[in-house]
1. Just to be sure before I move on: is S40 modelled with pLDDT of 90 or more and over 10 Å from the mean Cα position of the chain (by Cα) in the structure I sent?
2. Between a residue in the stretch 12-27 that is touching a residue at least 24 places away in the same chain (Cβ under 8 Å) and in a strand (DSSP E or B) and any residue that is aromatic (F, W, Y) and surrounded by 10 or more Cβ atoms within 10 Å (Cβ to Cβ), which pairs come within a Cβ distance under 8 Å, given they are 6 or more apart or on different chains?
3. If you check A69, A77, A36, which single one turns out to be among the aliphatic types (A, V, I, L, M) and in contact with a strand residue (DSSP E or B) (Cβ under 6 Å, 6 or more places away or on another chain)?
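The values are calculated or read from the model by the stated rules, or taken from the named source; none is laboratory data. Keep in mind that this is a model prediction, so the values were computed, not measured. Methodologically, a virtual Cβ is constructed for each residue, glycine included, from the backbone with ideal geometry; neighbour enumeration extends over all protein chains shown.
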Amino acid sequence: MEQDSIRDLVTVEDDQGNLLSYEVEALFEMQGESYALLRSNEETVLMRVEEDGKEQYLVGLSDKDDKDAILDAYQVAVDAAPAE
């Protein structure tokens with residue numbers, strides 16, 4: 001019997017003040033920064049995880065080239081060591 005995988009859910013407020021729900025697809029570090037790959041029914045979003053004391057915040061990435069480079073490097077890492 002197959003079971004649906006249970007993922008962590010986060011709610012993100014967009015620039016217009018709308019609350020959007022996402023599943024956490026992956027958390028990873030690259031070049032000394034932490035990132036979260038979030039997925040909803042409509043889209044997949046990459047955000048940087050920033051810490052302020054004991055609090056963590058998700059921050060959008062504005063530079064498309066940086067975002068593409070991070071996603072490309074993440075995909076290479078996943079392809080090199082796929083999950084079972």
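1. Here the answer is yes, as S40 does meet what is asked.
2. V12/Y22; A26/Y74
3. Sole residue among the options that is among the aliphatic types (A, V, I, L, M) and in contact with a strand residue (DSSP E or B) (Cβ under 6 Å, 6 or more places away or on another chain): A36.
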